[in-house]
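Below you'll find the structure, written out as structure tokens, and then a few comments.
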Amino acid sequence: MSDSKIYYSIGEVAKMFEVNTSLIRFWEKEFDIIKPKKNKKGNRLFTKKDVDNFHVIFHLVKERGYTLDGAKKKLKDNKDGTIKNAEIVKSLQKIKSFLVDLKEEL
């Protein structure tokens, strides 16, 4: 994911998470931390912050097994801590991937 990009289409976001665009639209309706802009055609334009928030939701629902209501409650009760934990997990996954690649090269 390029940090220089300002907006991502719904298709690009769905591809990042390997999910259908319908799930992206559903999560957008369910979670108020997702606030895409819309262009004149009505197409959703997601910011880097929206994508980061999708990472948190994805982490809670798909990786940790939270229900939607459970994920909403977790974000409501401790949004900053939940986001920080998701960022830590993401960093650790990158480190693990790097170490696995390194091991394969040895």
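Every read-out reported here was derived from the displayed coordinates using simple, explicitly stated rules and does not represent laboratory data. No experiment lies behind these values; they were computed from the predicted model shown. Neighbour counts run over all protein chains shown; Cβ positions are idealised from the backbone, glycine included.
Checking each residue in region 29-76 for being over 15 Å from Phe17 (Cβ atoms), of a type in the set (Val, Ile, Thr) and free of Cβ contacts under 8 Å to residues at least 40 places away in the same chain picks out only Thr67.
Considering each residue of region 32-43, count those that are surrounded by 12 or more Cβ atoms within 10 Å (Cβ to Cβ) and either in a strand (DSSP E or B) or under 12 Å from the mean Cα position of the chain (by Cα) (or both), and give that number.
So the first thing to find is which residues in region 32-43 are surrounded by 12 or more Cβ atoms within 10 Å (Cβ to Cβ), and the list is 33-37, 43.
If we keep only those that are either in a strand (DSSP E or B) or under 12 Å from the mean Cα position of the chain (by Cα) (or both) too, we end up with 33-34, 37.
Count: 3.
Here the condition is being in contact with a Gly (Cβ under 7 Å, 6 or more places away or on another chain), among the hydroxyl-bearing types (Ser, Thr, Tyr), surrounded by 10 or more Cβ atoms within 10 Å (Cβ to Cβ) and at negative phi; of Thr67, Thr82, Thr21, Thr47, it holds for Thr21 alone. Could you list all residues from region 1-31 that are small (Gly, Ala, Ser), within 25 Å of Gly70 (Cα to Cα) and over 11 Å from the mean Cα position of the chain (by Cα)? Ser22, the sole residue that qualifies.
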